[in-house]
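Visitor: Sending over a structure as structure tokens; questions will come in a sec.
We did not get these values from a lab; they are worked out from the coordinates using the rules stated. All values derive from a computational prediction rather than experimental measurement. All Cβ positions, glycine included, derive from the backbone under ideal geometry; neighbour counts span all protein chains shown.
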Amino acid sequence: MKGGIRYHPEVDPDEVNALAQLMTWKTAVADIPYGGAKGGIGCAPGELSISELERLTRVFTQKIHDLIGSHIDVPAPDMGTNSQTMAWILDEYSKFHGYSPAVVTGKPIVLGGSLGREAATGRGVVYATEALLAEFGKSVSGLTFVIQGFGNVGSWAAQLIHEKGGKVIALGDVSGAIKNPNGIDIPALIKHRAAGGVLKDFEGVDVMDSKELLLHECDVLIPCALGGVLNRENAADVMAKYIVEAANHPSDPEADEILSKKGVVILPDIYANAGGVIVSYFEWVQNIQGFMWDEDKVNMELQKYMTKAFDNIKAMCKTHNCSLRMGAFTLGVNRVARATLLRGWEA
């Protein structure tokens with residue numbers, strides 16, 4: 001099994017189960033050899049000191065060390081956790097089982113983490129976007145993009161879109177939203193952010209209302225932040241032609257219906273943000289082989305997996321005459337069902 005561990009005040013069993021099920025379909029769509037898993041601790045990581053977080057993580061690992069393992073269940077970072085959390089889990093697990101780098105992914109590079117893992121989800125989003133646009137005879141270059149969320153995923157997606165000649169004309173995060181019809185200078189913005197600056201103090205942009213961000217006119221809208229941001233209140237006013245779901249579950253079912261009727265093409269989250277779990281798989285493979293890849297190989301393999309998954313989803317859509325979301329779920333559920341039958345598990 002494969003899935004993230006989140007530290008968040010609102011973690012509850014229903015949410016964890018739902019996310020584990022989504023991971024089942026996501027790994028099936030990406031065609032990597034895992035079932036889905038998820039875990040979490042109900043806590044506010046921002047209010048805990050580093051040593052409190054370490055003790056919390058180590059005691060949690062002591063309680064679950066016989067439930068996880070490199071061929072049982074391989075955790076990864078999620079909301080509120082990072083490569084340091086994974087390092088503590090690895091160390092604590094290794095006290096019981098001997099040094100086992102493949103027990104978690106998203107580790108620091110020096111402890112067997114993979115090159116390219118940091119940028120993987122954002123890079124996967126861009127490869128997914130390229131595959132989608134190629135269907136319509138378009139490419140990233142010259143199109144306009146709006147990005148909601150400028151954390152790990154959003155900032156990498158913005159940077160790579162900028163490198164490929166796309167124009168990011170508006171973006172926002174919790175601190176506010178900014179726009180520039182001629183394109184925001186992403187490398188300069190990333191430097192500004194690294195120096196501790198907030199979006200609205202950046203030179204050469206206009207500040208805009210965060211609520212307007214998702215409704216801004218553009219070719220491609222990429223929500224990279226929270227779930228449920230597109231809903232029946234705002235879906236009818238979305239002006240984008242394509243939506244790439246980099247966040248988990250950014251469009252609720254009502255928004256999905258409204259947008260589909262308007263002819264907006266939506267690339268679903270279980271495919272669009274699978275770059276993270278695909279490169280986690282590569283990290284696990286490297287740990288098991290004891291042989292690390294260079295970054296170019298990681299990125300090349302990621303592109304291969306994202307492109308192949310898109311082709312498989314498209315084939316499903318043609319067969320069943322359905323939306324990309326339905327095609328992706330059909331592909332995922334189908335693969336799990338086939339494997340279940342072959343193993344003789346049918347009820």
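Visitor: Could you tell me the relative contact order of the stretch 237-347? Use alpha-carbon pairs under 8 Å, at least six residues apart, and round to a whole percent.
Guide: 22
Visitor: Determine the dipole magnitude for the chain: charges of +1 sit on the beta-carbon of Lys and Arg, -1 on that of Asp and Glu, nothing else is charged, the reference point is the Cα centre, and the result goes in debye to the nearest 20.
Guide: That gives a dipole near 880 debye.
Visitor: Please work out the ratio of the alpha-carbon Rg of the stretch 49-96 to 2.2 N^0.38 Å and round it to two decimals.
Guide: Working: Rg = 10.3 Å, N = 48, 2.2 N^0.38 = 9.6 Å.
Its radius of gyration relative to the 2.2 N^0.38 Å reference: 1.07.
Visitor: Separate question: What is the helix-to-structure angle for 152-163, meaning the angle in degrees between its Cα long axis and the longest Cα principal axis of the chain, kept from 0 to 90 and rounded to the nearest 10?
Guide: Helix 152-163 sits at roughly 50 degrees to that axis.
Visitor: What chymotrypsin sites (Phe, Trp or Tyr not before Pro) does the stretch 269-301 have in DSSP loop regions with at most 13 other beta carbons within 10 Å?
Guide: PHE291
Visitor: Please compute one quarter of the surface area of the Cα convex hull for the stretch 1-112 and express it in square nanometres.
Guide: Average of the hull's projected areas for the stretch 1-112 equals 6.8 nm².
Visitor: The list (1) 20.3; (2) 21.6; (3) 20.9 gives values of Kirkwood radius over Cα pairs in Å, and only one came from this structure; which label was calculated from it?
Guide: Answer label, from the structure shown: (3).
Visitor: Name the residue from MET239, GLN159, ASN299 whose Cα lies farthest towards the positive end of the charge dipole of the chain, charges +1 on Cβ of Lys and Arg and -1 on Cβ of Asp and Glu.
Guide: ASN299
Visitor: Moving to a separate point now. Roughly what angle does helix 120-135 make with the longest principal axis of the chain, taking Cα atoms, 0 to 90 degrees, to the nearest 10?
Guide: It is inclined by approximately 50 degrees.
Visitor: Sticking with this one: Build a GNM of the chain with springs between Cα atoms under 10 Å: which of ALA235, ALA87, ALA337 gets the top mean-square fluctuation?
Guide: In the Gaussian network model the winner is ALA337.
Visitor: Could I ask something else about it? Determine the shape class of the stretch 200-347: with a ≥ b ≥ c the square roots of the Cα gyration tensor eigenvalues, call it rounded for a/c under 1.5, and otherwise prolate if a/b is greater than b/c, oblate otherwise.
Guide: Numbers: a/c = 2.46, a/b = 1.33, b/c = 1.85.
Oblate, since a/c reaches 1.5 and b/c is not below a/b.
Visitor: Counting only residues 5 or more places away or on other chains, whose amide H sits under 5 Å from the amide H of GLY36 once H atoms are built in the peptide plane?
Guide: Amide H neighbours of GLY36, under 5 Å, 5+ apart: LYS2, THR24.
Visitor: On alpha-carbon atoms, Rg over Rh for the stretch 215-301 using Kirkwood Rh? Let's see the in-between values first.
Guide: Values: Rg = 16.9 Å, Rh = 14.6 Å.
With Rh from the inverse mean 1/r over Cα pairs, Rg/Rh is 1.16.
Visitor: Sticking with this structure for a sec: Once phi is turned into θ = phi - 60°, what whole-Hz ³J(HN,Hα) does the Karplus curve with 6.51, -1.76 and 1.60 give for every residue of the stretch 225-239, x standing for Gly and Pro?
Guide: These are the phi-based 3J(HN,Hα) values: 10, 8, x, x, 6, 9, 9, 5, 5, 10, 4, 5, 9, 5, 9 Hz.
Visitor: Sorted by packing (mean other beta-carbon atoms within 10 Å per residue), highest first, where do 96-102, 302-308 land?
Guide: Most protected by this proxy first, the peptides run 302-308, 96-102.
Visitor: Most fluctuating residue of GLY172, GLY69, GLY116 in a GNM of the chain with Cα springs under 10 Å: which is it?
Guide: Most flexible of the set in this elastic network: GLY69.
Visitor: Report, to the nearest 10°, how far helix 50-64 tilts away from the longest principal axis of the Cα atoms in the chain, using its own Cα long axis and a range of 0 to 90°.
Guide: Approximately 60 degrees, to the nearest 10.
Visitor: Quote to one decimal, in nm, the extra length available between ASP209 and ARG58 on full extension: 0.36 nm per residue of separation minus the C-alpha distance between them.
Guide: On the way: separation 151, 0.36 × 151 = 54.36 nm, distance 4.24 nm.
Difference between extended and current length: 50.1 nm.
Visitor: Provide, as a two-decimal number, the C-alpha radius of gyration of the stretch 66-133 over 2.2 N^0.38 Å, N being how many residues it has.
Guide: Computed over Cα atoms of the stretch 66-133, the ratio equals 1.30.
Visitor: As a test of the formula, what do you get for the chain when each DSSP H run with n ≥ 4 contributes -39,500 (n - 2.57) and the sum is divided by the residue count, at 222 nm and rounded to the nearest 500 deg cm²/dmol?
Guide: Value at 222 nm, helices only, nearest 500: -15000 deg cm²/dmol.
Visitor: Then there is this: Around ARG6, which amide H atoms from residues at least 5 apart in sequence, or from another chain, sit under 5 Å from its own amide H, with H modelled in the peptide plane?
Guide: Here GLY39, GLY40, ILE41 satisfy the definition.
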